Amino acid sequence: MDKVRDKGAVIAALGAMSGTSLDGVDAAVLRTDGVVIDGFGAHDYRAYSAEEQTVLRAALGHWAGPSLKPATDVMMSAHQELLGGFDKVDLVGFHGQTVAHAPRAQGTLQLGDGAALAQALQVPVVWDFRTADVELGGEGAPLAPFFHFACAKWMGAEGPVAFLNLGGVGNLTWVDPSADAPEVDGALLAFDTGPANAPVNDLMQTRLGLAFDEGGRVAASGTVENGALELFLAEPYFARIPPKSLDRNDFAEMVKLVHELSDADAAATLTAMCAAGVAEAMQHCPRPPSTVLVTGGGRHNPVLMKMLEVSLDCPVQPVEAVGLNGDMLEAQAFAYLAVRVARGLPTSCPGTTGVRAAVGGGTVSYP
């Protein structure tokens, strides 16, 4: 336990992420002291079955009620199964499953019991990362930016870079790597760009019984409906000054905008909406980034990546281009944040979530 709390020690932290795309759980080991990245370790993935996805989907948008316990049981079982396969880790960062997020109203809700997980794994677990930030006036999201700052330092970036995570919801982190620490004023700006994969995934599931648009093949055969795209961009969210964040279902009306379109045209239009949201977001960057590094499942969609390349004024490339793992970056982020929480370091700041002051969110549970 002393090693976990020792601010000078590099430890092996295991992070886990179950995102709003509901595809499964990512887990990855990171060697870090909570400030710099010392190295990357083993990683693994546990997919949710179609039946498990149905249970999880039924809990989305609910703050209470009978749907939450079955969803919690599904995600806890998946996490225990996956995380139990890792050896010799000192600490676990457990994000849980976000099912409702309304920081300006009810708050934020992530399913999962970190204390129970600590007992099951016999390893200290850091969890409930978002509550403290929301209680101090923050959006509670996104939380990966402090790790993005460490990644920019690790890759030796000399000027501003942007990390674009395209999961269920899209979020952008603008990083100035010349800053001494992520909480320094001007080091980071982060916010949600708009919906990303979630609406397309939902469309594929509802209309075609598919989990997602693999390789963007359905969207590639369609045509973008510009009228629907213009209505989408008229949403007040895009005029809000960041930091700002979204719930997975905040743009549920997107599906209504494409209701009468063919499968292909609807997929193309929803994909274009994701890219357009990112293009709008880039206008908020303090200075143009030298490149946009894309992480998350969206980077595997060549149609979406091409739309981004056309829409943005700087190079767009997957994070693998700089030696990072885009499938595991979010899990690694929560490993990194777990170490920071255990050592009393901040995990969010005004530039990332709009919180009133830099704060270290999270609860540490010991076995």
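Surface exposure of region 114-226, expressed per residue as accessible area with a 1.4 Å probe, stands at 35 Å².
Going by average Cβ neighbours within 10 Å, how do the peptides 291-302, 338-349 rank, with the highest at the top?
Details: 291-302: 22.9, 338-349: 24.4.
The packing order, highest mean first, is 338-349, 291-302.
Normalising the Debye intensity of region 310-367 to I(0), with uniform scatterers on Cα atoms only, and taking log10 at q = 0.14, 0.16, 0.21 Å⁻¹ returns -0.60, -0.72, -0.92.
Which value at 222 nm does the chain reach when only helices count, each DSSP H run of 4 or more adding -39,500 (n - 2.57), with the total divided by all residues and rounded to the nearest 500 deg cm²/dmol? If you can, show how the numbers build up before the last one.
Numbers: 14 runs with 130 residues, N = 367.
Here the helix-only value at 222 nm equals -10000 deg cm²/dmol.
Against the main long axis of the alpha-carbon atoms of the chain, helix 329-342 sits at an angle near 30°. Restricting the calculation to alpha carbons of region 1-126 gives Rg and Dmax of 15.4, 45 angstrom. Note on region 274-315: Cα convex hull, mean projected area over all directions, 2.9 nm². Building the convex hull from the alpha-carbon atoms of region 231-367 and averaging its projection over directions returns 11.1 nm². For K3, the lysines whose Cα falls under 24 Å of its own Cα, not counting residues fewer than eight places away in the same chain, are K88. Set against the 2.2 N^0.38 Å expectation for a compact globular protein, region 209-270 has a Cα radius of gyration ratio of 1.25.
In order along region 246-259, phi translates into HN-Hα couplings of 10, 8, 3, 9, 4, 10, 4, 5, 4, 5, 5, 5, 10, 4 Hz, rounded to whole numbers, per the Karplus curve 6.51 cos²θ - 1.76 cosθ + 1.60 with θ = phi - 60° and x for Gly and Pro. Here region 129-168 is treated as a sphere whose radius is the Kirkwood value from Cα pairs; by Stokes-Einstein at 10 °C and 1.306 mPa s it diffuses with a coefficient of 134 µm²/s.
Mind ranking I37, I241 by accessible surface for me, highest first, 1.4 Å probe? Working shown, then result.
Values: I37 20, I241 125 Å².
The residues order as I241, I37, largest area first.
Rolling a 1.4 Å probe across all protein chains gives E230 an accessible area of roughly 130 Å². To put it simply, the accessible area of region 180-241 at a 1.4 Å probe is 53 percent carbon and sulfur. Taken over the Cα atoms of region 52-128, the convex hull encloses 82 Å³ per residue.
Per residue, region 266-367 exposes an accessible area of 33 Å² to a 1.4 Å probe, with every protein chain left in place. Solvent-accessible area of D23, all protein chains in place: 70 Å² (probe radius 1.4 Å, heavy atoms, ligands and nucleic acids excluded). Note on the chain: Cα convex hull, mean projected area over all directions, 16.2 nm². Counting only heavy atoms of the protein chains and using a 1.4 Å probe, H259 has close to 130 Å² of accessible surface.
Show me the ranking of peptides 197-209, 67-79 by mean Cβ neighbours inside 10 Å, starting with the highest. Please list the in-between numbers first.
Details: 197-209: 20.4, 67-79: 18.4.
Highest to lowest by the protection proxy: 197-209, 67-79.
Largest accessible area first, the residues S262, S21 order themselves as S262, S21 under a 1.4 Å probe with ligands, DNA and RNA left out. Take 160-172, 125-137, 99-111, 5-17 and order them by the average number of nearby Cβ atoms within 10 Å per residue, most first; the result is 160-172, 125-137, 5-17, 99-111. Farthest towards the positive end of the charge dipole of the chain, among the residues V310, L208, T193, is the Cα of T193, using unit charges on the Cβ of Lys, Arg, Asp and Glu.
The values are calculated or read from the model by the stated rules, or taken from the named source; none is laboratory data. Small disclaimer: the values here were computed from a predicted structure and weren't measured. Positions of Cβ are generated from backbone atoms using ideal geometry, with glycine treated the same way; all protein chains shown enter the neighbour counts. Keep in mind that these areas ignore ligands, DNA and RNA; they rest on the heavy atoms of the full protein, side chains included. Shrake-Rupley method; radii C 1.70, N 1.55, O 1.52, S 1.80 Å.
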